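Okay, structure first, notes after.
The values are calculated or read from the model by the stated rules, or taken from the named source; none is laboratory data. Being a predicted model, the structure only gives us computed values, none of them experimental. Note: ideal-geometry Cβ built from the backbone for every residue, glycine included; neighbour counts use all protein chains shown. The area values use the complete protein model at the heavy-atom level, side chains included, leaving out ligands, DNA and RNA. Shrake-Rupley method; radii C 1.70, N 1.55, O 1.52, S 1.80 Å.
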Amino acid sequence: LMNPYAPSENIYTFNVSSSGTYYLMSTGSSIKVYYTKVAVGTSSGSSSSGSTSSGSSSSSSTSSTTTIELNANNLSHGTFSSKFTSGSFTVYATSSKTVSTPYCTASLNGKSFTQKLALGGGGSYGSYRAVGFSANSGATVTVYASGAAGRYLALVNSSGSVVTKKFIEANYKTLKKM
């Protein structure tokens, strides 16, 4: 029985209201993360030209959105007992709270995956079973994830406060186990 409030194809979106370090983690049992994309917000640049002989000047500004991505397919295969980085992301683990990247076969929103980041249980921000990254105010975080019914994926700030959480549900029509 599917949850009518769960997003289609196990894609979850979080919005960041202030700049800082954030963590994705389960609030209880294990969640599998396949892909995470963070549009970290806009950065502005400006240029100006000086006065001309007619006394006028011009200026222009540009803005762009920087995107960072974590794809489980690109991680080393295995079980991890300490934190590691992949691009702009840090994955947190300890010897007693490991994370792993088991092989799988999954297709979500047109993306194919051959392995997943299994968080292995409830996480603790900046300590274990969490994925950390920095984002600017206005950033959008998109996560492709799955887990058994009743699990929640939380976006947590650097103070440990849950910014928001999403109900995770496996959609076995699009997720296939190997």
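When peptides 116-125, 141-150 are ranked by their average number of other Cβ atoms within 10 Å per residue, the highest-first order is 116-125, 141-150. Other residues with beta-carbon under 10 Å from the beta-carbon of residue 30 carry, at +1 per Lys or Arg and -1 per Asp or Glu, a net charge of +3. Segment residue 96..residue 74, full-extension length gain: 5.5 nm, with 0.36 nm per residue of separation and the alpha-carbon distance subtracted.
Averaged over its residues, the stretch 120-165 has an accessible area of 36 Å² per residue, based on protein heavy atoms and a 1.4 Å probe.
Taken over the stretch 63-178, the ratio of Cα radius of gyration to 2.2 N^0.38 Å equals 1.07. Between residue 15 and residue 114, the contour length at 0.36 nm per residue exceeds the alpha carbon distance by 32.9 nm.
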